[in-house]
Amino acid sequence: MIDIGRVWSDVKNELSISINSIAYMMWIDTLTPVCVKKGVLYLLASSITARNAVNKNYKDTVKKALVTLYSSFSDVEFIVESDIPSRGSALDDSSGDSDDIHDNQIVINSSADSEKRICPFIEKYSFNNLIEGDNNKLAKHAAIAVAQKPGNAGEFITFNPLFIYGGVGLGKTHLLHAIGNYLWQNFPEKKVLYVPTEKMTTEYIESISSDKTSTNVRAFREKYRNIDVLMLDDVQFLEGKVGLQEVFFHIFNDLFQAGKQIVLSSDRPPKEISTLEERLRSRFEGGLLADILAPGLEMRIAILKHKMLLQKIAANEDVVHYLAEQFDSNVRELEGALTKVVLYAQLLNRASPDIIIAKEALKTNAPKKVGVDSSDIISTVCSYFRVSESDLIGKKKTKLLSEARMIAIYLITDMLSIPLVTIGQLFGGRDHTTIIHARDKIQNKLKDNKETEKQINDIKNMLDR
Ligand code: ADP
Ligand code: MG
């Protein structure tokens, strides 16, 4: 058996001499060997940019080093994670060569041994990684049921088709991939096809725009016949496509009658897909319709914490709450915001983001604040002095806490017009005389203490952003 880790490390050694060190670090050292197929070493690049760069500039060099060291190899190919699902849906298996990597990414093929199989589904889109809540419970459990017993032929209750619908970024594609991943692991013999409807449309258009239209349309339909599980993502794109709907109706019937599982996703229920042919609509409604709603606040918090755990980022409660409150209708946006905040913290060399960093990072996303309020001042002071809000508001009297507390009180009295009694309430029910005392103390300090002056200015600057 070939140890590709060993092979790649030998090749890298060779390359580290022939390629300049910065380029080596950026483009070569970041590649990961994935598998070998027919003498081709597949290397995973960390991004599309990296793949394109290495492909353009170093393919020949890498290939030469590999082939020279290991004569059983003939070539290298660079891929990215996202290549996998998109190629998977390329529907280009006309060659019938099941050992080809492109086909394996679309159809699960039992004959390939486990070392050669490349999973076509996005690995992190698993059932485990899909946080469950009231908003998606039905869809998730139906998906699990389908994955465990695809087609479920002969059973009294069948979820066929399973029609999952819900707004953008709520986990529909994630669920389809989770079904795929589960089947990949537990039913390697099943042929599973995941196709975005747009891809199917493109292929259909190609089939009808060629010379031998009828043959091609037949071939298009044939392709789906020996599939065990068909997952068609975003079927709302069937809207208005009369010809495709017609062909798909037949594909649907062929599979359904053969007891094969069909899973569909859409951003709306079948009855709201206009111009969907009636007979197709009634097929879509004939199985289980499962909706996914927008997640509630607790669920959004749970999702964020889960994502942070996966990325090994310490979860700061303030940041989690801030993000969860700002992004309430789309999990993809919520994730995007988290990524932005984490990157921003990295840029500032912080191990994990705090609330100031989060607000700064999302300045362009967040709805503009009309002005500063007392909670902004309190949280900014807390970040500045690195103390918790509960301590700032509480009774502890360490030097740092007393100082931070007085500064927060001073800033609130200085910047906002809130009654002293209310400020007292904000600070754990303190008497208004305590508030006056704190305010005056800082005011006096400001006259001759440069350190305090700097602290106040820093915090005001932070609040200004
Ligand atoms: P859709 O297909 O519905 O537009 P996706 O499946 O692409 O949405 O989901 C968008 C992102 O949100 C994905 O990264 C997905 O992992 C994430 N996501 C959605 N719902 C959840 C959830 N309940 N738990 C964890 N991640 C989720
Ligand atoms: Mg989707």
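The values are calculated or read from the model by the stated rules, or taken from the named source; none is laboratory data. None of the values given here were measured: they were computed from a predicted structure. For accessibility, only protein heavy atoms count, side chains too; no ligands or nucleic acids. Shrake-Rupley method; radii C 1.70, N 1.55, O 1.52, S 1.80 Å.
How high is the relative contact order of the chain, in percent, with contacts defined as C-alpha pairs under 8 Å that are six or more residues apart? Could the numbers behind the result be given before it?
Details: 641 pairs, mean separation 49.9, N = 465.
It rounds to 11 percent for the chain.
Under the definition of Cα pairs under 8 Å and six or more residues apart, what whole-number percent is the relative contact order of region 374-464?
Values: 77 pairs, mean separation 26.5, N = 91.
Reported relative contact order: 29 percent.
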What Kirkwood hydrodynamic radius, in Å, does region 187-312 give when the mean of 1/r is taken over all pairs of distinct Cα atoms and then inverted?
16.5 Å
Distance in Å, no decimals, from the C-alpha centre of region 233-310 to the one of region 162-182 is 9 Å
Rounded to two decimals, what is Rg over Rh for region 297-362 when you use alpha-carbon atoms and the Kirkwood radius?
0.92
Mind pulling the angle between the C-alpha long axis of helix 4-18 and the longest principal axis of the chain? Nearest 10 degrees, somewhere in 0 to 90.
70 degrees
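Can you tell me the accessible area per residue over the chain, all protein chains present, probe 1.4 angstrom, in square angstrom? All intermediate terms of the calculation are to be shown ahead of the outcome.
Details: 23350 Å² over 465 residues.
Averaged over the residues of the chain, the accessible area is 50 Å².
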Could you list which residues have their amide H under 5 Å from that of Val76, counting only those 5 or more apart in sequence or on another chain, with H placed in the peptide plane?
Leu41
Nearest 10, in degrees from 0 to 90: the angle of helix 399-415 to the longest Cα principal axis of the chain is 90 degrees
Determine how large the accessible area of Lys137 is when every protein chain is in place; take a 1.4 Å probe and give Å² rounded to the nearest 10.
100 Å²
Bins of 10 Å, beginning at zero and ending with the bin holding the largest distance: percent of Cα pairs per bin for the chain, please.
4, 16, 20, 19, 16, 12, 8, 4, 1, 0
For Ile164, the residues 5 or more places away or on another chain with a placed amide H closer than 5 Å to its own amide H are Leu264, Ser265, Ser266, Ala290
Can you send over the solvent-accessible area of Cys382, 1.4 Å probe, protein chains only, in Å² to the nearest 10?
10 Å²
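Under Stokes-Einstein, with the Kirkwood radius over Cα pairs standing in for Rh, what whole-number D in µm²/s applies to region 359-460 at 10 °C and 1.306 mPa s? Write out the running numbers ahead of the final one.
Numbers: Rh = 14.1 Å.
Approximately 113 µm²/s, per Stokes-Einstein.
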So how exposed is Asp75, as accessible area in Å² (1.4 Å probe, rounded to 10)?
40 Å²
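Sort His321, His306, His437 by accessible area with a 1.4 Å probe, largest first. Walk me through the intermediate numbers first.
On the way: His321 70, His306 35, His437 115 Å².
Output order, biggest surface exposure first: His437, His321, His306.
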